[in-house]
1. Of all residues being outside any helix (DSSP H, G or I) and in contact (Cβ under 8 Å) with a residue 24 or more places away in the chain in the stretch 245-264, which is nearest to the chain's Cα centre (by Cα)? Just the residue, please.
2. Within the stretch 240-254, can you find the residues that are farther than 11 Å from residue 293 by Cβ and either surrounded by 15 or more Cβ atoms within 10 Å (Cβ to Cβ) or in contact with a strand residue (DSSP E or B) (Cβ under 7 Å, 6 or more places away or on another chain) (or both)?
3. Take residues that are modelled with pLDDT of 95 or more and surrounded by 14 or more Cβ atoms within 10 Å (Cβ to Cβ) and tell me which of the helices (runs of 4 or more DSSP H) falling wholly in the stretch 1-102 contain 3 or more.
4. Specify which of the listed residues (459, 478, 431, 426) is in contact with a helix residue (DSSP H, G or I) (Cβ under 9 Å, 6 or more places away or on another chain), crowded, with 18+ Cβ neighbours inside 10 Å and under 19 Å from residue 174 (Cβ atoms).
5. Residues 141, 132: which one is touching a helix residue (DSSP H, G or I) at 6+ places or on another chain (Cβ under 9 Å) and assigned to a helix (DSSP H, G or I)?
6. I need a count of the residues in the stretch 211-233 that are in contact with a helix residue (DSSP H, G or I) (Cβ under 7 Å, 6 or more places away or on another chain), modelled with pLDDT under 85, in a helix (DSSP H, G or I) and under 22 Å from residue 481 (Cβ atoms).
7. Can you find a residue in the stretch 417-431 that is in a helix (DSSP H, G or I) and closer than 19 Å to residue 349 by Cα?
8. Given the conditions (1) at pLDDT 90 or above; (2) farther than 23 Å from residue 143 by Cα, report the number of the one that residue 265 does not fulfil.
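The values are calculated or read from the model by the stated rules, or taken from the named source; none is laboratory data. Just so we're clear, the structure is a prediction, and the values are computed from it rather than from any experiment. Methodologically, a virtual Cβ is constructed for each residue, glycine included, from the backbone with ideal geometry; neighbour enumeration extends over all protein chains shown.
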């Protein structure tokens, strides 16, 4: 015990000396972006609360769209405007295309072999090419259309029964289960129950990863403190890594032992086929397969359905927007059948509702951090090598200089303009932009549009417990995926004639 305390004080003393020398000899010589004054050693970490995207947005209003902060020993640049985001994600994209060391991804993501957190370089380029061509191509996404139709149909039947019974439902839980089932079928080829994933259950373990990975980890900002694990986060990551590795090993072994002939190959089939054929242009073994499986699972399971949940929440609060969307769906589809994916093209009001919901409620309000691979000057400010770049798309989406009445849900603001959400217009970048943009954008949009259209077309919705729409709690829980703090309890009423 005394040894641990001595180590802690020694580490803090060394940290104080290093911080003082760093401040004296390095930062003073450069024209850094403006930013809030920090404290010795910890820098600005104390300024982050439970919703750091909101805290950073408030600070940016005072210090500007390119803001300098210090998190421990790590220089951090906070980007909070479309113009600034374009500089970092397009103009100087290659300079800022890397990822910083992230302890969680190091342990859980097989030493950052996953696509999300891999450093920029030949390995990342080859891995991204493999994922886009083999796993996330339009052809592959379309091959799972029947599965999506089946799973969404099961959800509709469940809600239809609740409507006939006059019962309320936990829509958050139902669409979360839908996300789990669709992801598992696409990635693993079968659904998995909670008891297939250790003692705590499938969903709980994923939620823990999303939560713990978003916690500011002292080990990422004070390398010496990482050894001591004063927050206990390293122990959590190691335990989670063991759970995931056991699960993925079992899945891979089951696939290798199976003689089943599948009409549509899942992601495990495809990647194990690449290993067996030796066709990969780079080192690719079971570790890389498991790292990609983790990425695909976390990237697909919660993101799309959380976006649907936020959109439904806003539509509940704005019945006029709901009626407009239902009218558009009725005119194209009628009330005799449910929505099919082939119906989605040309549904303009559906698209503007999704854009407005993603503007107000980006699933990832802070894009995954970028890291500069060399010194660079942006707008006259010196950005030093190894700086961490955080794009605050929450702040961009609520900037009154861009969006009139930014706190209000007004889908019509997107009507008649060419603002797109695929990364080309920096006013709206829920999927990021540039080299590190989300490779699953097309799949994510397909799921969001299909599920939201189905829920709005098939049902009218009212809040349970006689809650008025204006009283709906819209508070959020920050994480790698930022979801509603409270589940959405609603009463469905079936609309269709069949």
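1. Checking each candidate, the answer is 264.
2. Answer for the stretch 240-254, where residues must be farther than 11 Å from residue 293 by Cβ and either surrounded by 15 or more Cβ atoms within 10 Å (Cβ to Cβ) or in contact with a strand residue (DSSP E or B) (Cβ under 7 Å, 6 or more places away or on another chain) (or both): 240, 241, 243.
3. Details: elements: 2-25, 52-63, 82-86.
Fully inside the stretch 1-102 and qualifying: 52-63, 82-86.
4. Exactly one of 459, 478, 431, 426 is in contact with a helix residue (DSSP H, G or I) (Cβ under 9 Å, 6 or more places away or on another chain), crowded, with 18+ Cβ neighbours inside 10 Å and under 19 Å from residue 174 (Cβ atoms), namely 459.
5. Testing whether each residue is touching a helix residue (DSSP H, G or I) at 6+ places or on another chain (Cβ under 9 Å) and assigned to a helix (DSSP H, G or I) leaves just 141.
6. 2
7. no
8. (2)
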